[in-house]
Each structure stands twice: as structure tokens, then as C-alpha cells.
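Chemist: Input: one structure, supplied below.
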Amino acid sequence: MQLQISSIEIYKLCIPLKQPFVISLGTQYDADNILIIIRTNEGISGYGECSPYMSINGESMDTCYIVAQYLAAALKGKDPLQIEECVTAMDRVIVRNESIKSAFDMALYDIAAQHAQQPLYQFLGGRKNKIISTDMTVGLGTPEKMAKEALQYKTEGFPSIKVKLGTTTEADVARIKAIREAIGNELPLRIDANQGWTADTAITTLNALSSFGIEHCEEPIARWNYMELPKVRKNSPIKIMSDESCFDEHDAERLAKLNASDYFNIKLGKSGGIFHALKIVEVAKAHNIKLQVGCFMESRLAITALVHFAYCSDLIVHYDLDTPLMLKEDPVIGGMIFKENGIVEINETVGIGVKADDGYLKTLQSTVI
């Protein structure tokens, strides 16, 4: 009997944050996510989650909830092991909408890995040949508040600290100066402007920050202004990482040919899921570009899938996996765990190795297709 998708459950998963999270694009108070469960005629169920971010991917929990119903109708009855066929079917239903597509993609890979009796990282051809440890992110605020947060994360043992910037040169330099005075010079800092600077401001600010031990800077300028990114990179003493300007493999190829970036930041909610993320890895390999895996506001469900993915390539050398630590609730059973010093581990359970708590699911708005 051929494996078939028999039903798809769609849940609105709204989880409050422990505290408001501020970046140059705005403030977030909740993780307004979508949970997808794809069930099959042989009893295998796949779990997926996305965390839409309106100012980045143009999706919200409400739009994803509606679009998910169209995607579910298109996939019902299909063989979930034919992942490329399923991804193509979703693309034919609607263009873009990468966030909600990534949740379906994740659930499909969960099913495929379970069917193969392998943990997802093995199914993707990966090996547990490296230690994966997450940074911790300091949101935008006053220099004093940001320095206090950074010192807390240093005390908790995180191996590196990511700092949100993207305002004026004077203000952003003051923030980094305060953080360095608080934590010293041992820990590496990573900065993320979230498109907040113009090209000229980016060059000025990055040069002003050159003495503060910055590993790299994510998305210094507006994503649409990527033609200016090579100039920023050429004139920056700090390495440049493309995030919002690098959604899929086509963006990656364009940026690589422009020599615009030292790194790409892969987020499943930008790429549309694992299928296209693997293609970004191929582009990075062809152009000798290193990679980071990052997240929006996903729970441990999606982050577990991302950890599996992180084992698939030695080019993935940086890990930004901290969002489950920002959430007040954890609706996930099984999955990745945070160890001391930011180290992240997964077990050898087949598939992604997670499920959602059934009691928690009963409290959520849902639709079944």
C-alpha cells in the first residue's frame, strides 16, 4: 500500500515572550506561530512549525492559517515521501509564503525520516561530528540595559553574544562600548542591524566598531539594496552575513556572484523549508561561503529540526538557536535540549524526534483538512 497523506491539522500557536524583544524593525511581544501535523494512512505523523515575521517575510499567523488550508488541500492524498513533488505542488498553489510552506516541508521530512527509520540528520546525510552551541541575543535598548543583559548571558555560560543594532552610528557604538566594558573582551560579539543602516552609515559604523572584537554583522542594509552590499563588504573591517537578503538558493547565487557576503544565514522560515535550504548549502559549497543557521521565534519543535539540519554540512559554523529560551511556555515533548554553556543536543529518535503536547493542542484554535 502506498503511503498517503490522510489528513492535515493546522494550529494557531501563540506563545508569550518572557520580555518584549526589540530589533530595528520593531518590537515583538508574542511568538505567533503555526503548528502543522501531517497524518498518513500508515499511522506515521509528521510535525512542523513556522514563526512568521511580518516585517521580514510578509506573513502573519493569520495569513499562514488561511494559506495553510489551501496547501493542505493540495497535499492531501499525495505521497509524503515525494518531497520535491509536494514542494512543487505548494509552489503551484501560491507564490512566496515561505514561512507557512516551511512548516509543511518540515513535517514532510519528519515523515520521510521516520519511514526510513533514521534520525532526520542521518536522513539528510549529516553526521554528529561537531559541537553545536547557540549564542544568546541582546535586543535593542539603552546601553545600560543591553550591557546588563550581555553580562547575564556571559554569566550563564553562553559562548558568544549576538547584539541587535541598526540605529545611528553614535548610539550603536555606545551600545557595543557599554557591553564590552561589562563583559570584557573574551567572548566574541556578533551584531545584527536588521537592515537598519544606509550603506554609508553601515561603512561608518562598522569601521567605528572595528576594535571591539566583532565576529560578523548580519544584514547591515535594506534587503532591496543588495547591489550596495559589495561596497559595504569591501569597506568593512567586519565580515558581512546576508540574512534578509538571502531567502532561497536563487538569492544565494546572486549574492555569491556579486561577492556581497562572507556568510549566508539560513532560516527555514525564509527558504521555505529544508528542501530549498539544502540548495543554499550547495550554492555555498560551490562558492566557498560559510553558513549560519538562525531562527525567528520558533519553539523547540522547529529548532529541533534546525539542529538536525545543522549537522548536514561542515560549512555551517555558527548557530543562532536561542528563541525557545525567550518563550514563557514550552508545548513540546521530546526534542532538543539546552545543556550548559549554550550547548545544544538531540537524541537518536527517528524523524525529528518531537511532538506537541496533546493537552496543550486542545486549547488552540485549529482546523483539520
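Chemist: Cys246's amide H: which non-local residues (gap 5+, or another chain) put their own amide H closer than 5 Å, with H modeled 1.01 Å from N in plane and none for Pro or chain starts?
Modeler: none
Chemist: Helix 300-310: angle to the longest alpha-carbon principal axis of the chain, degrees 0 to 90, nearest 10?
Modeler: Compared with the principal axis, the helix lies near 80 degrees.
Chemist: Is the shape of segment 122-355 rounded, prolate or oblate, going by the alpha carbon gyration tensor and its root eigenvalues a ≥ b ≥ c, with a/c under 1.5 for rounded and a/b larger than b/c for prolate?
Modeler: Values: a/c = 2.00, a/b = 1.20, b/c = 1.68.
It comes out oblate by the Cα gyration axes.
Chemist: Please list, ordered by chain and number, the residues whose modelled amide H lies under 5 Å from the amide H of Ala193; skip anything fewer than 5 residues away on the same chain.
Modeler: Distant-sequence amide H within range of Ala193: Leu165, Glu218.
Chemist: Also, I was wondering about something else. Which entries of Lys239/Lys355; Lys234/Lys339; Lys231/Lys285; Lys154/Lys279; Lys164/Lys339 show an alpha-carbon separation above 32 angstrom in the structure shown? Present the calculation step by step, with values, prior to reporting the outcome.
Modeler: On the way: Lys239/Lys355 38 Å; Lys234/Lys339 38 Å; Lys231/Lys285 23 Å; Lys154/Lys279 35 Å; Lys164/Lys339 24 Å.
As for pairs spanning more than 32 Å Cα to Cα, those are Lys239/Lys355; Lys234/Lys339; Lys154/Lys279.
Chemist: Apply the Karplus curve 6.51 cos²θ - 1.76 cosθ + 1.60, θ = phi - 60°, to the phi angles in segment 27-34 and return the couplings in whole Hz, x for Gly and Pro.
Modeler: Values per residue, Gly and Pro as x: 10, 10, 10, 9, 8, 8, 10, 10 Hz.
Chemist: Right, another one. Ranked highest first by the average count of other Cβ atoms within 10 Å around their residues, in what order do 185-191, 32-38, 53-59 fall? Please list the in-between numbers first.
Modeler: On the way: 185-191: 17.0, 32-38: 25.3, 53-59: 18.6.
Result, highest mean Cβ count within 10 Å first: 32-38, 53-59, 185-191.
Chemist: Enumerate the lysines that Lys78 could reach by cross-link, defined here as Cα to Cα under 21 Å, with residues fewer than 8 away along the same chain left out.
Modeler: Counting by Cα, and skipping residues close in sequence, Lys78 has these lysines nearby: Lys101.
Chemist: Here's something else I'd like to know. As a test of the formula, what do you get for the chain when each DSSP H run with n ≥ 4 contributes -39,500 (n - 2.57) and the sum is divided by the residue count, at 222 nm and rounded to the nearest 500 deg cm²/dmol? Kindly include the intermediate steps, with their values, before the conclusion.
Modeler: On the way: 14 runs with 138 residues, N = 369.
-11000 deg cm²/dmol, from helical runs alone.
Chemist: Moving on. Rounded to whole Hz and in sequence order, give me ³J(HN,Hα) for segment 71-81 from the Karplus expression 6.51 cos²θ - 1.76 cosθ + 1.60, θ = phi - 60°, writing x for Gly and Pro.
Modeler: 5, 4, 5, 6, 8, 4, x, 7, 7, x, 6
Chemist: Counting other C-beta atoms within 10 Å, which of Ile23, Ile346 has the fewest, and how do the rest follow? Provide the component values of the computation, followed by the final result.
Modeler: Details: Ile23 21, Ile346 24.
Final ranking by Cβ density, sparse to dense: Ile23, Ile346.
Chemist: Here's something else I'd like to know. Which percent, nearest 5, of DSSP beta bridges in segment 122-355 are antiparallel? Each step should come with its number before you reach the end.
Modeler: Details: 5 of 28 bridges.
In segment 122-355, approximately 20 percent of DSSP beta bridges are antiparallel ones.
Chemist: Could you give me the ³J(HN,Hα) list for segment 311-322, computed from phi with Karplus coefficients 6.51, -1.76, 1.60 and θ = phi - 60°, whole Hz, x at Gly and Pro?
Modeler: In residue order, the calculated couplings are 7, 7, 8, 6, 6, 7, 10, 10, 9, 10, 10, 8 Hz.
Chemist: Under 5 Å between amide H atoms, partner at least 5 residues away or on a different chain: which partners does Lys162 have, H built in plane at 1.01 Å?
Modeler: Under 5 Å from the amide H of Lys162: Met136, Thr137, Val138, Arg190.
Chemist: Let me ask something additional. Taking the Cα centre of segment 188-300 as the origin, how large is its charge dipole in debye, to the nearest 20, when only Lys and Arg (+1) and Asp and Glu (-1) carry charge on their Cβ atoms? Provide the component values of the computation, followed by the final result.
Modeler: Numbers: 14 positive and 15 negative charges, 46 e Å.
That gives segment 188-300 a dipole magnitude of about 220 debye.
Chemist: Determine, for Tyr319, Tyr65, the number of other Cβ atoms within 10 Å of each Cβ, and report the residues in order from fewest to most. The partial results should precede the final answer.
Modeler: Details: Tyr319 23, Tyr65 19.
Starting with the residue having the fewest Cβ neighbours, the order is Tyr65, Tyr319.
Chemist: A further question follows. Under a point-charge model restricted to the Cβ atoms of Lys and Arg (+1) and Asp and Glu (-1), what is the dipole moment magnitude of the chain relative to its Cα centre, in debye to the nearest 20? All intermediate terms of the calculation are to be shown ahead of the outcome.
Modeler: Working: 37 positive and 47 negative charges, 83 e Å.
Roughly 400 debye, rounded to the nearest 20.
Chemist: Could you pull out the trypsin sites (Lys or Arg not before Pro) across segment 1-74 that fall in loop regions by DSSP (anything but H, G, I, E, B) with no more than 11 other Cβ atoms inside 10 Å?
Modeler: Here no trypsin sites (Lys or Arg not before Pro) fit, given the DSSP loop and packing criteria.
Chemist: For segment 92-192, give the magnitude of the charge dipole about the Cα centre (Cβ charges: +1 Lys/Arg, -1 Asp/Glu; no others), in debye to the nearest 20.
Modeler: Working: 15 positive and 12 negative charges, 49 e Å.
Dipole of segment 92-192, to the nearest 20 debye: 240 debye.
Chemist: So for His287, His308, His318, fewest C-beta neighbours within 10 Å to most, what's the order?
Modeler: Least crowded to most crowded, the residues run His287, His318, His308.
Read-outs: derived from the displayed coordinates by stated rules, not from any lab. Predicted, not measured: the structure shown is a model, and the values here were computed from it. With ideal geometry, Cβ positions are generated from the backbone for all residues, glycine too; neighbour counts draw on all protein chains shown.
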